[in-house]
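Chemist: Below you'll find the structure I mean.
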Amino acid sequence: MTTMLKLNRVTRTFGDGDSTITILDELSFEVKEGEFVAVLGPSGSGKSTFLSIAGALLTPTSGEVTINGRTLAGLNGRELSDLRLREIGFMFQSANLVPYLKVEEQLQFVARLAGMNKREARRRADELLERLGLRHRAGFYPEKLSGGEKQRAAIARAWMNQPSILLADEPTASLDAARGDTVVRMIANEVKAQRKAAVMVTHDERMLHYCDRVLHLQDGKLV
C-alpha cells in the first residue's frame, strides 16, 4: 500500500526564556492509503504540534516530513500552500464554516481556490452533500445548521478537493455521543471508499473502534 504521510525522526523544540522545551522528540510515524489512525494524549502532550507539522503548517526543528511521496524540506511558502490545498483536508474542533456562505458555497469556494471548473465543482459538491446526508441543507447558512450538520459540512469541505490525507483535530469535541459517532463513522467510510488516509487527534475513546490503529503521544513520541 502507498504511504500517504510519513514523519521521519521529527523533533520540534520551542524556546522558553533561557531554556528549550522539546515537544516532539525524534518522532517517526506513517499512515498508508485506506488507513484511519487515532492519536491520543493528555493536554500539553504535543498533539496539536504533531498535527500542524503533519499538515505542513509548522516546520520541524529537525527531521523529515513526506506527503504523498513529496518531501517538504526545501519547498517555499507558495509551494507549501499549494500542497496543503491539494493534498490535505483539515477538520477542527469547531466546524470553522464561513458564516456568510451557504453550505454549497463553502464547498464551491474551496474548489475555486484549487482551480476546479464550475461544472466539476458543482458535481463534486452535490455528490458529497448527498453522501453525507446534507443535500437538503445545501442552501442554508451555518447559523441554521445543528452541531452535527456543521461538522458534516466541514467533512464535505475537507474532502472537496479530493485530498490524499484528512487531518482531524478533536472533531467530536462539540458533539454529543450520537452526533460524534455519525461524524467519525463518515470519516472512516470516506477513507475506505476513496482509498484516502486520515489521522484524528482525539480525547474521545468512544470513537476508537472506527480506527485501524490507535497511538498514544508520550514524551514526544508515538507508541
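The values are calculated or read from the model by the stated rules, or taken from the named source; none is laboratory data. Please read all numbers here as calculations on a predicted model, not as lab measurements. Positions of Cβ are generated from backbone atoms using ideal geometry, with glycine treated the same way; all protein chains shown enter the neighbour counts.
Chemist: Go over the candidates Ser43, Ser48 one by one and state the one that is within 21 Å of Pro171 (Cβ to Cβ) and free of Cβ contacts under 8 Å to residues at least 12 places away in the same chain.
Modeler: Ser43
Chemist: Residues in segment 190-199 that are assigned to a helix (DSSP H, G or I) and under 14 Å from Met91 (Cβ atoms): how many?
Modeler: Residues that pass the stated criteria total 2.
Chemist: Another question, then. Which residue is surrounded by the fewest Cβ atoms within 10 Å (Cβ to Cβ), if the candidates are limited to segment 75-120 and must be without any contact (Cβ under 8 Å) to a residue 24 or more places away in the chain and farther than 30 Å from Glu64 by Cβ?
Modeler: Checked segment 75-120; the qualifying residue surrounded by the fewest Cβ atoms within 10 Å (Cβ to Cβ) is Arg119.
Chemist: Quick one: count up the residues across segment 164-189 that are without any contact (Cβ under 8 Å) to a residue 60 or more places away in the chain and either of a type outside the set (Ser, Thr, Tyr) or not in a helix (DSSP H, G or I) (or both).
Modeler: 13
Chemist: Can you tell me which residue within segment 60-74, out of those that are assigned to a loop (DSSP other than H, G, I, E, B) and surrounded by fewer than 16 Cβ atoms within 10 Å (Cβ to Cβ), is modelled with the lowest pLDDT?
Modeler: Checking each candidate, the answer is Gly74.
Chemist: Of the conditions (1) modelled with pLDDT of 95 or more; (2) over 30 Å from Leu217 (Cβ atoms), Arg119 clears all except one; give me its number.
Modeler: Just one mismatch for Arg119, condition (1).
Chemist: Output the number of residues of segment 28-39 satisfying the condition of being crowded, with 17+ Cβ neighbours inside 10 Å and touching a Leu at 6+ places or on another chain (Cβ under 7 Å).
Modeler: Residues in segment 28-39 being crowded, with 17+ Cβ neighbours inside 10 Å and touching a Leu at 6+ places or on another chain (Cβ under 7 Å): 5 in total.
Chemist: Oh, and also: Please list, ordered by first then second residue, the pairs with beta carbon atoms under 9 Å, 6 or more apart or interchain, first in segment 190-214 and under 11 Å from Ser164 (Cα atoms), second of a type in the set (Ser, Thr, Tyr) and part of a strand (DSSP E or B).
Modeler: Sorted first by the residue in segment 190-214, then by its partner, the pairs are Ala197/Thr3.
Chemist: Output the residues belonging to segment 22-37 that are under 23 Å from His203 (Cβ atoms), under 16 Å from the mean Cα position of the chain (by Cα) and among the charged types (D, E, K, R).
Modeler: If the condition is that a residue be under 23 Å from His203 (Cβ atoms), under 16 Å from the mean Cα position of the chain (by Cα) and among the charged types (D, E, K, R), then Glu35 is the only one that fits.
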